[in-house]
Amino acid sequence: MMKRALMHGVRTCRVAFRALARNKMRSFLTALGIIIGVGAVIAMVSIGEGAKRGIESRFAAMGTNLLFVSAGSQSDRGVHGGWGSMQTLKEEDALAIGQECPAVMYISPSVSARAQTVYGNKNWNTSISGTGARYPEVRNWDVELGAYFDDNMVKSAAKVCVLGADVKTNLFEDEDPIGKVIRVKKIPFKVLGVLKKRGESGGFGSRDDMIAIPYTTAMRRLQGVDYIQSVDVRAVSSSQMVEAQAQIQELLRVRHRIAPGAEDDFTVRNMSEIAESAAEATQMMTVLLGSIAGISLLVGGIGIMNIMLVSVTERIREIGLRMAVGARERDILLQFLTEAIVLSLMGGLIGIGVGVGASKLIKKIKMFAAFNTVVSIESVLMAFLFAATIGIFFGFYPARKATRLDPIEALRYE
């Protein structure tokens, strides 16, 4: 019984392939919608997955016991400027966090800007990060060449800097930068060291495209301000993150004279909260990209239904002849449904190859170099199963219509 069913299935598939081969171009164009749809789903999901993993690796590299203290949100007549829009954080606040919070190991005040940097006849626009002397320890970022600036240089607002790997490459190429002088906004800075290369950040730009200078220098010489934008904090251990967060909040509320029950003029976020928010954002982006690409799969399914209806109309006499020699309704239904499924699965298999190839190509194209793509088995299986489901769903109606034909009328059909 089982052997007979298997033989019947093989025979049905053989007839389906033969029927599709009669109109090779039409079959290919019909499958093209599925090919594009499956390929687009895999490519789009791979971009989202690459961004997600890039963010996860970035947070993992910084460590799990990192907190960020930033200024609060400024509100004017109900319009909120977002976190950091207030100018409530001072240098003294950062120093107090390092001195008066037992659960805090290191702190690094932060003042950021962008500026054009010049060395000789080369120039490069990059991010200028004003940091404290403990920035490498706070961010788990080692110095590869030379050394980082110390506390004395920070206190004196010294004109010294440490280069990110990308800036070193663009300004100095193979030349040793240690001891050389570069200009940032026409101000001369002596190069003390080069940070270890960290690479791309999952579609969010290169982490190595930056220059670190003392935050006091950034405040007084570059921006002319008396406040800092944020404070990077490393807790003593991961287990003391909550304790460190509570200590910082209590200290700043006292220093800023915030009344009980009043809203903070600052925010303290730990790494797990930021990582969770980033993961949610990338997950939403992945779903959105996959959904947009999935629309083309539906369009491909409609194309399959359309071509199968045409096929039923063209083969009415064939259907009538099969019924006349003993074919049952379920045999006719299975025959046309198999053709639709074969068409969608063939498109799905080719689409997988197109999607994987497109994902690899995206990484090699210069304008998309910042995007890291990761093809997951889940996305491939999802796209393939979706293609098979579409074949069944959109192939059922034409197949059902074929079974409803009257054998005598079908044999008379011209």
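The values are calculated or read from the model by the stated rules, or taken from the named source; none is laboratory data. The model shown is predicted, which means the values in this text are computed figures rather than measured ones. Reconstructed Cβ throughout: ideal geometry from the backbone, glycine too, with neighbour counts over all protein chains shown.
With respect to Ser230, determine if the residue is outside the structural domain of Phe28 (by TED's automatic domain parsing), surrounded by 13 or more Cβ atoms within 10 Å (Cβ to Cβ), hydroxyl-bearing (Ser, Thr, Tyr) and at pLDDT below 75. Against the criterion (outside the structural domain of Phe28 (by TED's automatic domain parsing), surrounded by 13 or more Cβ atoms within 10 Å (Cβ to Cβ), hydroxyl-bearing (Ser, Thr, Tyr) and at pLDDT below 75), Ser230 does not qualify. Residues in the range 200-223 that are in contact with a helix residue (DSSP H, G or I) (Cβ under 6 Å, 6 or more places away or on another chain), at pLDDT below 90 and part of a loop (DSSP other than H, G, I, E, B): Ser201, Gly202, Gly203, Asp208. Residues in the range 139-179 that are within 32 Å of the chain's Cα centre (by Cα), of a type in the set (S, T, N, Q) and over 30 Å from Met271 (Cα atoms): Thr169, Asn170. Of all residues in the range 331-362, those satisfying the criterion of being within 33 Å of the chain's Cα centre (by Cα), farther than 14 Å from Phe384 by Cβ and surrounded by fewer than 17 Cβ atoms within 10 Å (Cβ to Cβ) are Gly357, Lys360, Leu361.
Residue count for the range 254-268 satisfying the condition of being among the basic types (Lys, Arg) and in a helix (DSSP H, G or I): 1. Contact map, the range 103-119: residues that are outside the structural domain of Ala212 (by TED's automatic domain parsing) paired with residues that are assigned to a strand (DSSP E or B) and buried (at least 18 other Cβ atoms within 10 Å of the Cβ), Cβ distance under 9 Å, separation 6+ or inter-chain. No pairs are found. No other residue among Asp232, Asp226 is among the acidic types (Asp, Glu), assigned to a strand (DSSP E or B) and within 21 Å of Gly130 (Cβ to Cβ) apart from Asp232. Here is the figure for the range 130-145: residues that are in a strand (DSSP E or B) and surrounded by 21 or more Cβ atoms within 10 Å (Cβ to Cβ) total 2. Residues in the range 380-395 that are small (Gly, Ala, Ser) and closer than 20 Å to Leu289 by Cβ were compared, and the one that is surrounded by the fewest Cβ atoms within 10 Å (Cβ to Cβ) is Ala383.
There is no residue in the range 236-249 that is surrounded by 15 or more Cβ atoms within 10 Å (Cβ to Cβ), under 21 Å from Asn125 (Cβ atoms) and assigned by TED's automatic domain parsing to the domain that holds Ser156.
Based on this model, can you work out whether Glu100 counts as surrounded by fewer than 20 Cβ atoms within 10 Å (Cβ to Cβ), closer than 26 Å to Asp226 by Cβ and in contact with a helix residue (DSSP H, G or I) (Cβ under 7 Å, 6 or more places away or on another chain)? Answer is yes for this residue.
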